[in-house]
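Reading through the structure tokens given below for one structure.
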Amino acid sequence: MDSLLNSLELDGLAQYLHDYDLSNQDLVVSENVEKIERLFIGHWEEICRAYEPEKQRVREYIEKKISNAKKVAIIDVGWLGSGPMGLKYLIEEEMIKLFVFDLDGTIADTSEGILNNHRHAHIHMGWPVPPDEILYGLIGGPLLENYRAVLHFPDEEAVRAVQCYG
């Protein structure tokens, strides 16, 4: 837990670990994920205050980049650390015209939805659906390139599969 809280710049939450039956030495494993979630939810306001300076910097940067745009999409393909939480809060609470698509599981585990989209594309194209182990290999990279490289689709079929995805 020490390294998790440190990497998130939330060292102040360590004082509450015992309240959630956690210790500094605990690892993040499936058995304690719910405890960690309760810790974060229970101290959400404190977390938001800790990210206030970062939130302001991100807000200024985003406002400068998007200026008068009506809608904006940010596609997250691999952030690590405290940025996603601050960005998520900023977007959900203060910048409603901004949407985040998290493709690597930083904010949410999106793998099942991604796998379902791949299955849908295969079914729509009339192809057999590959096993999940193969479909997992498609997560994270450019869709068209993955269809070509991982599944060895010819160019025309890869383009059609991308159109059917989702």
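Summary of computed values
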quantity: Residue 133 being among the acidic types (Asp, Glu), over 30 Å from residue 33 (Cα atoms) and not assigned by TED's automatic domain parsing to the domain that holds residue 33; calculated: no
quantity: Whichever residue in segment 15-61 is hydrophobic (A, V, I, L, M, F, W, C) and surrounded by fewer than 17 Cβ atoms within 10 Å (Cβ to Cβ) and, among such residues, is farthest from residue 109 (Cα to Cα); calculated: 48
quantity: Condition check for residue 135: of a type outside the set (D, E, K, R), surrounded by 14 or more Cβ atoms within 10 Å (Cβ to Cβ) and modelled with pLDDT of 85 or more; calculated: yes
quantity: Qualifying residues in segment 1-14 (those that are without any contact (Cβ under 8 Å) to a residue 24 or more places away in the chain and surrounded by 13 or more Cβ atoms within 10 Å (Cβ to Cβ)) - the one farthest from residue 53 (Cα to Cα); calculated: 2
quantity: Flag if residue 87 is surrounded by 11 or more Cβ atoms within 10 Å (Cβ to Cβ), at pLDDT 85 or above and assigned to a helix (DSSP H, G or I); calculated: no
quantity: Subset of segment 119-166 [among the β-branched types (Val, Ile, Thr) and part of a helix (DSSP H, G or I)]; calculated: 123, 134, 159, 162
quantity: Enumeration of residues in segment 38-78 that are at pLDDT below 80, of a type in the set (Lys, Arg) and part of a helix (DSSP H, G or I); calculated: 55, 59, 64, 65
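Listed here are the residues, each with its yes/no results for (1) in contact with a Lys or Arg (Cβ under 9 Å, 6 or more places away or on another chain); (2) among the aromatic types (Phe, Trp, Tyr).
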site	(1), (2)
3	no, no
10	no, no
16	no, yes
21	yes, no
49	no, no
53	no, no
57	no, no
65	no, no
68	no, no
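The values are calculated or read from the model by the stated rules, or taken from the named source; none is laboratory data. The model shown is predicted, which means the values in this text are computed figures rather than measured ones. Note: ideal-geometry Cβ built from the backbone for every residue, glycine included; neighbour counts use all protein chains shown.
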